[in-house]
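The values are calculated or read from the model by the stated rules, or taken from the named source; none is laboratory data. Only a predicted model underlies this, so the values are computations on that prediction, with no experimental measurement involved. Positions of Cβ are backbone-derived with ideal geometry, glycine not excepted, and every protein chain shown enters the neighbour counts.
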Amino acid sequence: MRDAMRPVIAPDGGTAAVQGVMIDVTARKEIDARLRERAEELTRLATALERSNKELDAFAYAASHDLRAPLRGIANLAQWIEEDMHGSLTEGTREMLALMRSRMHRMEALIDGILEYSRAGRVHHRPDKVSVGRLVRDVVDLLAPESATVWVQSGLPDVLTERLPLQQVFHNLIGNALKHGGEGVQVDVRARDADAFWEFRVEDDGPGIAPEFHDRVWGIFQTLEPRDKVEGAGIGLSLVKKLVESQGGRVWIESMAGAGATFAFLWRKTASPAEGE
Ligand SMILES: Nc1ncnc2c1ncn2[C@@H]1O[C@H](COP(=O)(O)OP(=O)(O)OP(=O)(O)O)[C@@H](O)[C@H]1O
Ligand SMILES: [Mg+2]
């Protein structure tokens with residue numbers, strides 16, 4: 001109950017009566033308490049989620065790290081067997097050993113992918129002034145496209161950000177356009193202003209991705225083509241999503257099957273104060 005009382009003064013100056021209003025605030029108090037409870041529960045859940053994400057990253061890191069040594073051992077043994085039996089190997093056995101080697105390389109790539117994924121977004125470095133134009137040109141040089149052309153919009157902006165995650169994002173998106181876009185693919189890299197963010201777009205004129213697969217491609221180890229056809233661990237896009245979101249941005253696909261693919265993401269113009277510590 002909340003009340004507001006005020007005296008009613010009589011003509012002679014004395015108090016004649018007391019006038020008051022009483023409001024029942026029980027319902028409002030209940031709602032306030034319930035809201036507070038919900039807010040506390042949400043904070044608790046967010047903390048628990050963050051902790052389990054960290055534990056998962058730590059587990060992925062430890063598991064993948066420890067899996068590498070025995071895998072290396074198996075690869076070495078296979079090589080020694082091949083060397084020892086050189087000359088007495090049949091064509092069939094030679095082929096099987098080659099296949100075994102390629103599977104081991106694939107497994108190594110998967111393990112490296114888990115390691116990279118578990119590390120992504122975990123360590124923050126100090127933000128730098130980064131020329132996105134130069135960064136993209138460096139990425140393209142490194143990828144050294146053969147039959148493809150990559151057009152980089154002139155006047156791409158400078159951003160105040162951590163360099164490495166932005167470079168990894170462009171490396172994976174441009175790399176995907178080149179790898180999955182087919183012979184002679186044309187790739188465009190552009191930027192447009194989106195308030196506190198830049199929206200970067202990597203567009204290709206390759207086979208595109210049907211809308212029903214737009215959600216699936218972000219999952220770790222998800223590839224749309226069998227790995228024997230297009231070699232890939234299926235790590236790239238899961239990494240891109242984790243990196244972009246760890247910087248407070250968002251990433252999405254605009255694509256129809258057969259009509260090229262555009263991957264767009266938002267990246268802060270200036271790293272938020274919480275980052276880069
Ligand atoms: N530009 C693109 N055009 C068509 N399909 C694409 C494109 N980018 C990605 N994809 C599809 O999405 C899948 C997931 O991409 P992702 O980058 O995660 O894995 P990957 O490129 O196969 O392997 P990795 O990046 O680990 O080498 C790809 O296997 C491919 O099928
Ligand atoms: Mg990829």
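Quick notes on this one:
So that you can scan it fast, the table gives a plain yes or no per residue for (1) at pLDDT 95 or above; (2) more than 10 Å from ligand 1 (Cβ to nearest atom); (3) closer than 20 Å to Val139 by Cα; (4) assigned by TED's automatic domain parsing to the domain that holds Leu115:
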{"position": "Gln186", "(1), (2), (3), (4)": "yes, yes, yes, no"}
{"position": "Phe197", "(1), (2), (3), (4)": "yes, yes, no, no"}
{"position": "Val202", "(1), (2), (3), (4)": "yes, no, yes, no"}
{"position": "Gln222", "(1), (2), (3), (4)": "no, no, no, no"}
{"position": "Lys229", "(1), (2), (3), (4)": "no, no, no, no"}
{"position": "Ile235", "(1), (2), (3), (4)": "no, no, yes, no"}
{"position": "Leu239", "(1), (2), (3), (4)": "no, no, yes, no"}
{"position": "Ser246", "(1), (2), (3), (4)": "no, yes, no, no"}
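- Search result, residues across region 147-193 that are more than 17 Å from Ile209 (Cα to Cα), among the polar types (S, T, N, Q) and assigned to a helix (DSSP H, G or I): Gln167, Gln168
- Single residue of Arg106, Arg126, Arg101, Arg122 found to be within 25 Å of Lys229 (Cβ to Cβ) and in contact (Cβ under 8 Å) with a residue 60 or more places away in the chain: Arg106
- Checked against the criteria, Ala191 does not count as small (Gly, Ala, Ser) and either near ligand 1 (Cβ under 10 Å from one of its atoms) or at pLDDT below 95 (or both).
- Yes/no for Ile220 being farther than 30 Å from His124 by Cα, of a type in the set (Val, Ile, Thr) and in a loop (DSSP other than H, G, I, E, B): no
- Residue match in region 24-47 (condition: loosely packed, with under 10 Cβ neighbours inside 10 Å and outside any helix (DSSP H, G or I)): yes
- Looking across region 250-260, the residues that are in a loop (DSSP other than H, G, I, E, B) and either touching a residue at least 40 places away in the same chain (Cβ under 8 Å) or within 9 Å of ligand 1 (Cβ to nearest atom) (or both) come down to Met256, Ala257, Gly258, Ala259, Gly260.
- Region 250-274 - residue that is in contact with a Ser or Thr (Cβ under 9 Å, 6 or more places away or on another chain) and over 23 Å from Asp188 (Cβ atoms) and, of those, surrounded by the fewest Cβ atoms within 10 Å (Cβ to Cβ): Thr270
- A residue that is buried (at least 18 other Cβ atoms within 10 Å of the Cβ), of a type in the set (S, T, N, Q) and in a helix (DSSP H, G or I) occurs somewhere in region 230-249.
- Residue in region 6-19 that is of a type in the set (Lys, Arg) and modelled with pLDDT under 85 present: yes
- Of the criteria (1) more than 32 Å from the chain's Cα centre (by Cα); (2) surrounded by 12 or more Cβ atoms within 10 Å (Cβ to Cβ); (3) part of a helix (DSSP H, G or I), which one Leu89 fails: (3)
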